[in-house]
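Worksheet: the structure to be examined is printed underneath.
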Amino acid sequence: MYPLIIIIGPTGVGKTSLGIALAQKLRGEIISGDSVQVYKKLDIGSAKPSAAELQIVPHHLIDYLDPSEPFSAAQFKVKATSLIEEIRGRGHVPIVVGGTGLYIRSLLDPYDFSQHGSEEIRSKWQEFAQLHGNLALHVELKSRDHETAQHLHPNDVFRIIRALEVFELTGSTLSSQRQFRDNEYKPLDPSILYIGLTASREIIYDRINRRCITMLSQGLIEETLNLLNNGYAPTLKPLQSIGYRHSLMFLKGLVTQAEMLRLLQRDTRHFAKRQLTWFRRDPRISWYNIETDLDVILEDIFKTCRACQTRVE
């Protein structure tokens, strides 16, 4: 059996470059594990691979959905699992590249996603309740999870938002979620090579700050405005992600462009810190520091991959 390679790490650490280099060396195909890159038309803010990079090796789950379509970790698990088998069936190596922790965990463990939440989703529904009222929020839950809605009073905003959050994250209702201990890390299948990229905080933060400046120069604000002009609601989940929600603040006149950049850099740094906190809990990850020469990292991973394949065979 061909190995499955998973590459994780904080935003801006170089996952895309390593994934492409490995795919070239191993006849691999890349599956994106990013919750925003899955959407069409969200290119700059999601830091998608460039058109040239996408041509080098096959990529999957990039530009896969319209921004108005929902996509959860549960849906990712189903689609990614199918793609892994298809790629292996072609005699190629599947390489999952991404920093969305819930997506990656969905492939490895019987994880109850309701144990962890999303600040972005909660904020979206809190704003909805403020704009439209508690009763309208309760109606939204009823349309998605009628059983839970029946047991919650319309003024129980906290629990209603929690139920909506679980549904959006998992694609299933709160009442159907089974218990699972988040700190349980089952041994990986011998065919899986789980790789993490890291660096010193100074290097990661510098990369993030420069990436944010580049995004603005590439047209992040214009990209967001085009989405609005094409009829996409600013409350859509992908438009509440980092970068796009900051552009919306600028477009609404709430901040200057300079302040928008400062907030974007700050929030992206905070996001990277949360990513590292999430992944560092998992003892199964083999970590590589990007300050090491890329060729050295590639060669080590290549040898480990070959040894992994031999063990499986």
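Each value in this text was obtained by applying a stated rule to the coordinates, not by laboratory testing. Computed from a prediction, not measured in an experiment: that's the story for all the values here. Here Cβ is always computed from backbone atoms with ideal geometry, including for glycine, and neighbour counts include all displayed protein chains.
About its Cα centre, the dipole of the chain is roughly 340 debye, where the only charges are +1 on Lys and Arg Cβ and -1 on Asp and Glu Cβ. Of Phe71, Phe167, Phe302, which has the largest mean-square fluctuation in a 10 Å C-alpha GNM of the chain? Maximum fluctuation in the GNM of the chain, among the listed residues, is at Phe302. Summed over qualifying helices (DSSP H, 4 residues or more, each -39500 (n - 2.57)) and divided by its residue number, the chain shows a 222 nm mean residue ellipticity of -16500 deg cm²/dmol. Put simply, the amide H of Ile31, placed in the peptide plane, has neighbours under 5 Å in His60, Ile95, Val96, Val97, leaving out anything fewer than 5 places away on its chain. Distant-in-sequence amide contacts of Ile192, defined by a placed amide H-H separation under 5 Å and a gap of 5 or more residues or a different chain, comprise Leu4. Positive-end ranking of Tyr194, Ser143, Ser241 along the dipole of the chain, with charges on Cβ about the Cα centre, is headed by Tyr194.
Please report how far the C-alpha centroid of the stretch 230-303 lies from that of the stretch 17-66, rounded to the nearest whole angstrom. With the stretch 230-303 and the stretch 17-66 each reduced to a Cα centre, they are spaced 16 Å.
Put +1 on the Cβ of each Lys and Arg and -1 on the Cβ of each Asp and Glu in the chain; which of Ile301, Ile213, Thr16 then has its Cα farthest toward the positive end of the dipole? With unit charges placed on the Cβ atoms, the residue in question is Ile301. Taking a ≥ b ≥ c as the square roots of the Cα gyration tensor eigenvalues, the chain comes out oblate, since a/c reaches at least 1.5 and a/b does not exceed b/c.
Here the label points at His146 and Arg262, each 7 Å from Cα along the C-beta direction, are separated by 5.1 nm in the simple model.
Taking a ≥ b ≥ c as the square roots of the eigenvalues of the alpha carbon gyration tensor, the stretch 115-176 is oblate, as a/c is not under 1.5 and a/b does not beat b/c. Place +1 on the Cβ of every Lys and Arg and -1 on the Cβ of every Asp and Glu in the chain, take the dipole about the Cα centre, and give the residue among Ile95, Ile160, Pro283 whose Cα lies farthest towards its positive end. Checking the options against the dipole of the chain, the answer is Pro283. Peptide packing: for 130-142, 27-39, the average count of neighbouring Cβ atoms within 10 Å per residue gives the ranking 27-39, 130-142, highest mean first.
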